[in-house]
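S.K.: Quick one: the structure is below, and I'll ask about it shortly.
Quick note: the coordinates plus some simple rules give every number you see, no bench work behind them. Since the structure is predicted, the reported quantities are computational estimates derived from the model, not experimental observations. FYI the Cβ positions are ideal-geometry reconstructions off the backbone, even for glycines, and counts take in every protein chain you see.
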Amino acid sequence: MRNLTQSDFIALWETGRSLHPLDQGILALQAAFPEMQSVVADWPLGRRNRALAELHFAAFGSALRGWTACRGCAERLEFEIDGRNLEKNLALDSEACVMVNGHRYRLPTSRDLAAVAREPDADTAARLLLQQCSTAHELPESAFDEEQMEAVGESMAAADPLAEIRLGLDCPNCGVHFEESVDLPSFLWAEMEARAKRALMEVHTLASAYGWSQAEILSLTSARRQLYVEMVRA
């Protein structure tokens with residue numbers, strides 16, 4: 001994995017700020033794994049999430065901090081995940097498949113999710129995803145009944161446990177227990193966007209004070225840039 005620079009964060013933010021979160025995640029991975037650019041969109045979601053966790057660990061540290069609203073009382077709840085637990089999980093073979101009632105399905109990828117992301121009906125999106133992941137040219141109607149689709153979902157979750165990361169939370173205010181899904185592409189992108197904007201603010205401050213170019217400012221270490229900013233603002 002290539003370590004991303006301040007210039008990388010700025011370029012990624014500028015290129016991907018209007019993209020769908022799925023595409024933002026792929027863009028970040030393509031920058032961090034340049035030798036894998038053509039295939040990261042076809043990684044199983046667990047492998048993608050593991051790589052995103054690895055990228056977060058390298059760029060921002062192991063702690064993934066966020067917040068959500070309680071399902072019962074809307075109280076703001078903060079949470080923290082140790083990204084090292086995600087990073088250490090084994091990556092899966094991109095050809096990994098599951099067999100359910102005689103039908104073979106490959107594990108969903110970012111490309112599969114992107115194809116159904118704008119489908120407003122959840123049941124229709126699930127059927128389309130099932131069709132895309134099936135290795136058969138056509139599936140019988142029985143493959144789309146509730147029991148079969150649930151069995152496929154459970155088999156995929158067992159084969160690729162990092163595909164969906166869910167947290168169990170208890171609200172200290174009202175006592176409600178609920179689960180929250182952690183979307184790693186959005187999580188990582190928020191940190192990258194904040195890093196890019198902070199770097200651009202430092203560029204503006206130091207360029208205004210010293211007349212340095214963006215390249216000269218970004219070539220400084222983070223500690224030196226911050227010290228110069230503090231001296232300008234003193």
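S.K.: Considering only C-alpha atoms, what is the centroid distance from region 6-55 to region 134-210, in Å?
M.R.: 14 Å
S.K.: Over the chain, what is the relative contact order in percent, taking alpha-carbon pairs closer than 8 angstrom and at least six residues apart?
M.R.: 23 percent
S.K.: Shifting gears a bit: Which shape class applies to region 107-234: rounded if a/c is under 1.5, otherwise prolate when a/b exceeds b/c and oblate if not, where a ≥ b ≥ c are the square roots of the Cα gyration tensor eigenvalues?
M.R.: Prolate shape, in that a/c is at least 1.5 and a/b is the bigger ratio.
S.K.: About its Cα centre, how strong a charge dipole does the chain have in debye, to the nearest 20, once Lys and Arg get +1 and Asp and Glu get -1 at the Cβ?
M.R.: Roughly 1220 debye for the chain.
S.K.: Something else about it: Evaluate the relative contact order of region 97-159 (contact order divided by residue number), counting alpha-carbon pairs under 8 angstrom at least 6 apart; express in whole percent.
M.R.: Normalised by residue count, the contact order of region 97-159 is 38 percent.
S.K.: Moving on. With the Cα gyration tensor of the chain giving a ≥ b ≥ c as the square roots of its eigenvalues, does the rule (a/c under 1.5 for rounded; else a/b larger than b/c for prolate; else oblate) give rounded, prolate or oblate?
M.R.: prolate
S.K.: Let me ask you something else. Of the peptides 209-216, 197-204, how do they stack up when ordered by the mean number of other Cβ atoms within 10 Å, highest first?
M.R.: The peptides rank, most packed first, as 197-204, 209-216.
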